[in-house]
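These notes are about the structure you will find just below.
The values are calculated or read from the model by the stated rules, or taken from the named source; none is laboratory data. All figures in this text were calculated on a predicted structure; none of them were measured in a lab. Cβ placement follows ideal geometry from the backbone for every residue including glycine, while neighbour counts extend to all protein chains displayed. These area figures cover heavy atoms from the full protein model, side chains too; ligands, DNA and RNA do not enter into them. Shrake-Rupley method; radii C 1.70, N 1.55, O 1.52, S 1.80 Å.
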Amino acid sequence: MGDDAVGKAAARNDAVLNAGRESQPGVSHADRIDDDGGRPAKWRIVGPGLVVAATGVGAADMVATLVAGSRYGYGLFWAVIVGVVLKIILVEGAGRYTLATGKTIFEGWRSLGKWTTWYFGPYIMIWGFVYGATAMSSAALPLAAVFPFLPLWGWAILMGLAGFAMVWWGKYATFEKITAVLVGMMFVTVVGLAVIAAPNIPEMLAGLIPMIPSTDGGIFYTLALAGGVGGTITLAAYGYWLREKGWYTPKWMKVMRIDNSMAYVMTGIFVIAMLIVGAEVVRSAGVSLSASDEGLLDLYGVLKAEYGDVVGTGFLVGFWAASFSSIIGVWNGVSLMFADFWGNMRGKESGHPDTRVGGKYFRFYILWLTFPPMVLFALGQPIGLILLYGALGSLFMPFLALTLLGLLNGRRIPRAWANKLHSNIALGICALLFIVLGIRQFWTSLSPLFGG
């Protein structure tokens, strides 16, 4: 009986592998070996999912959620939940494509046509230049507030150099452990603050009923909150982190789904905690928060006045952890994406040493993220670059959702792992939402050119 069960399991595995070979003639699943010595796939709480979720939640998400809570109370609680579900769907799609085919997401994009490369190449260069300055400044804000002996730009440079050093000389396993510590700091400080704020549970439950504020721009604010929980380009880095973890084959598919879902559940709890703080603390204080990262410093002032220095400073620790986790996550994950892109452009297959952690293309992009953006601290914000950054960035989430629809259907993925009807519906909803948001953001980004 035991031999028969083993034989059936082997037959099922062969069927999956053969399905992959039939639909992906150039990919041999048998040639991919997981870095685990053949042990059974087991999930651990610290994994690539935690990395992608922590990287995606930065100061901008925190401010947006705080403002939502201060304006609408718990009315948009449901939109936060929707945002978490959307990110689970998108990241699962990126991870499933990688494990099922053995290809990176960039290889998949190239199979859809040259237009994907013409978009992605300029985007990743411009995005990295502007984001580098933004991320360093964001992580510097809480430090400059507590330790004002250095100016903001001085702390920003130190944060960039710290992230640079950790990623340049660190291995993936070390990077993952540092991320876990930062997530713990974020979680304890922000969720602890929400507990102190004493959420109104009946109002929270009522907020699960979908509503859209009737104020001007209410519908777009709601859509932006639903679409903005946890990342943009970093979502596509998930497949690269699976590879760095040593997960190559479909054996890890179930673990990947648990890893991704649990990480975004934690993200959801973190964002809900920020909504509670906005509804219970900011709203009751009658304070209007700044729309930029400085809004978190506004909250710091409110918390100090309401609860004292210990709670206020504790919040800044969580603010810093969220911002710095985004620095090291982007410095690692997006550098892997760039290295894969440039390696392919140079005729080197994905997985070539030059494209992996520590490779020369990987290190070039770390340098690009760290040092050229420091020029912006002296020059301010060059309007043309900022407009182009916003316009290209507005297209990335629609680009990711639509390309995943192409990659997870048809001949580009083994039949066993292709989208089912419900997956296509869910991904289609993601694509529609991000197209609407993208068009609005695209117009908003370029409107200054037309006197808007």
Between the residues L161, A145, Y97, the Cα farthest towards the positive end of the dipole of the range 73-179, that dipole coming from +1 and -1 charges on the beta-carbon of Lys, Arg, Asp and Glu, is from Y97
Any idea how far apart M125 and E349 come out in nm if each label point goes 7 Å out from Cα toward Cβ? 2.8 nm
Rg over Rh, two decimals, the range 277-383 (C-alpha only, Kirkwood Rh): 1.19
Rounded to the nearest 0.05, what FRET efficiency do S284 and L161 give with R0 = 56 Å and r taken as the Cβ-Cβ distance? Could you check? 0.90
Just the accessible area per residue of the range 124-207, please: how many Å² with a 1.4 Å probe? 44 Å²
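Reported to two decimal places, what Rg/Rh ratio describes the range 100-196 when computed on Cα atoms with Rh from the Kirkwood expression?
My calculation puts Rg/Rh at 1.10.
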With 30 Å as the limit, write out which pairs from K87/K114; K177/K360; K114/K177 have Cα-Cα distances beyond it, or answer none. K114/K177
Across the Cα atoms of the range 53-123, what radius of gyration and what greatest pairwise Cα-Cα distance (Dmax) are found, in Å? 16.9, 46
Relative contact order, percent, of the range 102-209 when contacts are C-alpha pairs under 8 Å separated by at least 6 residues? 13 percent
About its Cα centre, the range 140-268 carries a charge dipole, from +1 on Lys and Arg Cβ atoms and -1 on Asp and Glu Cβ atoms, whose size in debye to the nearest 20 is 600 debye
Please give, to one decimal in nm, the separation of the simple spin-label points placed at L432 and M211, each 7 Å out from Cα toward the Cβ. 2.4 nm
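In the range 67-158, which chymotrypsin sites (Phe, Trp or Tyr not before Pro) are in a loop and have at most 14 other Cβ atoms within 10 Å, using DSSP for the loop call? The partial results should precede the final answer.
Values: sites: Y72, Y74, F77, W78, Y97, F106, W109, W115, W118, Y119, F120, Y123, W127, F129, Y131, F149, W153, W155; in loops: Y74, F149.
Filter output for the range 67-158: F149.
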Backbone HN-Hα couplings from phi across the range 300-313 [Karplus 6.51/-1.76/1.60, Hz, Gly and Pro as x]: 4, x, 5, 5, 4, 5, 8, 10, x, 5, 4, 5, x, 5
Given a Förster distance of 25 Å, report the FRET efficiency between W443 and I196 from their Cβ-Cβ distance, rounded to the nearest 0.05. 0.05
Roughly speaking, what is the centre-to-centre gap between the range 270-341 and the range 346-361 when only Cα atoms are used, to the nearest Å? 35 Å
Other residues with Cβ under 11 Å from the Cβ of V51 give, with Lys and Arg +1 and Asp and Glu -1, a net charge of -1
Would you give the gap between the C-alpha center of the range 100-170 and the C-alpha center of the range 243-267, rounded to a whole Å? 23 Å
Run the quick spin-label model on F364 and K42: label points 7 Å from Cα toward the beta carbon, then report their separation in nm to one decimal. 4.2 nm
Let me spell out the model: positive unit charges on the Cβ of Lys and Arg, negative unit charges on the Cβ of Asp and Glu, origin at the Cα centre of the range 33-180. What dipole size does that give, in debye rounded to 20? 160 debye
A 1.4 Å probe over the protein heavy atoms gives the range 64-113 a carbon and sulfur accessible-area percentage of 61 percent
